[in-house]
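The values are calculated or read from the model by the stated rules, or taken from the named source; none is laboratory data. These numbers come from a predicted model, not from an experiment. Heads up, the Cβs are rebuilt from the backbone with ideal geometry, glycines too, and the neighbour counts pull from every protein chain shown. The accessibility values were calculated without ligands, DNA or RNA, using every heavy atom of the protein model including side chains. Shrake-Rupley method; radii C 1.70, N 1.55, O 1.52, S 1.80 Å.
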Amino acid sequence: MKQHQILIPVLVILTITVGGWWAWKMKSPQLKRVDSVEQRPPSGAKAVAADQAPVPQPQAAKAPDAQGGAPRRFIDMPASERLDILDQIKATDADELLKLFLDAGRIDQDPMKQSMLQSKLVGALMEKTYAPDFITRMKRFVTDSSNSKLERGSVISAFASARTKEGAEFVLWVLANQTDMEMRTSAIFGIRGLGGSQPYLPAMIEPLWKESNDADLLTAVAEAMAREAAPSSIELLLPAAAAPHGKDDKRQQAALGAIPKIYRADAVPALESALKNSPPGSKMNVIALFTLGRIGDKSASRAVIAWLQDTDKSAAPLVADWISRASGVGQLPAAEAALNPSVPFRSEENREAIRAALSAQRASTTKIGPSK
């Protein structure tokens, strides 16, 4: 697939991740060559010393265009022209792309070009096309205050958007080693977008959930855990969400905000356990029921029907709300199948509750129009 065919969706992700608030921050200063960096990590965090290799330097200023004016900026070009320019950039090495990225901001003063080049840098980080010491040098880059906050935040965002183990490690390193609040905020925002097919992630972020009292960080970690949906993470989120008000409100609010982002089938075993082992109608039971209703995998609908078969009639009042909210693939077909008399129910009231809820659901979705 050509680069420009994948560029636009990646750019959308990057634009959201970097955030609009960076844009007005800086008219980027010239890069100073950095030979040493003094790091002052926060208490309780283990600082990691970075090697002293230099980061890429910007090119000399570009000449004006043929009419004697400044070079045209991407925002003044049609989309096809912008994409053609990017297509002509054959660099795939992260060092080369970082250099082009810096030049776009510092020399060209072209934020759009810089943002689009950042997407190419993300691709290089995803493919791990960088020198062995590149990550070490990027740690030095984000700790060096002579680099603009926009550029430093963009590098952090690029590592987060790469969605690799090394990228996640980089973001967590920034969090542990940076006292600059804007860099920490950028790292927290990066954590917030993690999760989903990143099996190494739970072991990296679950300790933050257990140990931190920072509300913003807890919110970010909770969303990443919800997206990844590892059983161990779900088992941390559910009790926090169901806890009484006043017990641990920061974690409760973070968990309640994150749980609607659980869609992966990996979460089903932990949710099924919470559903079965909590009294029908209890906070934990209701959260588990409606979360299962949003998961598209058939294992989620099987878990709900199995619970309705095995529990007593106290589950019947919950059925109508479950049917009305259920959006996962297979939820309604599984409910229809449960009406078959051959399917055993401990309480027939639960089966009848399913029948009534399905009838109401069909009636509410029936289109009313003139008869033909």
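Laid out as a table, the results:
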| item | result |
| --- | --- |
| In segment 92-130, residue nearest to Pro78 (Cα to Cα) [restricted to those that are among the aliphatic types (A, V, I, L, M) and open to solvent by 30 Å² or more (accessible area, probe 1.4 Å)] | Met112 |
| Helices (runs of 4 or more DSSP H) fully within segment 126-216 counting 1 or more residues that are touching a Leu at 6+ places or on another chain (Cβ under 8 Å), hydroxyl-bearing (Ser, Thr, Tyr) and farther than 23 Å from Ala267 by Cβ | 149-162 |
| Enumeration of residues in segment 215-234 that are under 24 Å from Val329 (Cα atoms) and open to solvent by 40 Å² or more (accessible area, probe 1.4 Å) | Arg227, Pro231 |
| Pairs with Cβ under 8 Å, 6+ apart, first in segment 239-261 and over 17 Å from Glu223 (Cβ atoms), second outside any loop (DSSP other than H, G, I, E, B) and of a type in the set (Gly, Ala, Ser) | Asp248/Ala240 |
| When residues of segment 144-176 are limited to those that are touching a helix residue (DSSP H, G or I) at 6+ places or on another chain (Cβ under 7 Å) and polar (S, T, N, Q), the one surrounded by the fewest Cβ atoms within 10 Å (Cβ to Cβ) | Thr164 |
| Segment 294-315, residues that are under 24 Å from the mean Cα position of the chain (by Cα) and either of a type in the set (Lys, Arg) or surrounded by 21 or more Cβ atoms within 10 Å (Cβ to Cβ) (or both) | Arg294, Ile295, Ala300 |
| Among the residues listed as Ser324, Ser273, the single one being under 24 Å from Ala360 (Cβ atoms) and assigned to a helix (DSSP H, G or I) | Ser324 |
| Selection status of Arg346, part of a helix (DSSP H, G or I), open to solvent by 90 Å² or more (accessible area, probe 1.4 Å) and in contact (Cβ under 8 Å) with a residue 12 or more places away in the chain | no |
| Residue count, segment 184-208 (criterion: closer than 19 Å to Arg251 by Cβ and charged (D, E, K, R)) | 2 |
| Verdict on Ala288 being open to solvent by less than 50 Å² (accessible area, probe 1.4 Å), at negative phi and assigned to a helix (DSSP H, G or I) | yes |
| Verdict on Ala158 being within 21 Å of Leu83 (Cα to Cα) and either of a type in the set (Ser, Thr, Tyr) or without any contact (Cβ under 8 Å) to a residue 24 or more places away in the chain (or both) | no |
| Total residues in segment 198-231, condition free of Cβ contacts under 8 Å to residues at least 24 places away in the same chain and on the phi > 0 side of the Ramachandran plot | 0 |
| Cross-chain or 6+ apart pairs with Cβ under 9 Å, segment 300-327 first and more than 10 Å from Asn350 (Cα to Cα), then among the aromatic types (Phe, Trp, Tyr) and assigned to a helix (DSSP H, G or I) | Val304/Trp322; Asp321/Phe290; Trp322/Phe290; Arg325/Phe290; Ala326/Phe290 |
| All positions within segment 248-265 that are assigned to a helix (DSSP H, G or I) and surrounded by 22 or more Cβ atoms within 10 Å (Cβ to Cβ) | Arg251, Ala254, Ala255, Ala258, Ile259 |
| Criterion (over 18 Å from Ala242 (Cα atoms), open to solvent by 50 Å² or more (accessible area, probe 1.4 Å) and of a type in the set (A, V, I, L, M)) met by exactly one of Ala357, Ala363, Ala353, Ala338 | Ala363 |
| Check on Val268, under 26 Å from the mean Cα position of the chain (by Cα) and modelled with pLDDT of 95 or more | yes |
| Residues (open to solvent by less than 60 Å² (accessible area, probe 1.4 Å) and touching a residue at least 24 places away in the same chain (Cβ under 8 Å)) located in segment 266-277 | Ala267, Val268, Ala270, Leu271, Glu272, Ala274, Leu275 |
| Residue in segment 320-338 that is nearest to Ala306 (Cα to Cα), counting only those that are modelled with pLDDT of 90 or more and either in contact with a His (Cβ under 7 Å, 6 or more places away or on another chain) or of a type in the set (D, E, K, R) (or both) | Glu336 |
| Enumeration of residues in segment 166-200 that are among the basic types (Lys, Arg) and farther than 18 Å from Met138 by Cβ | Arg192 |
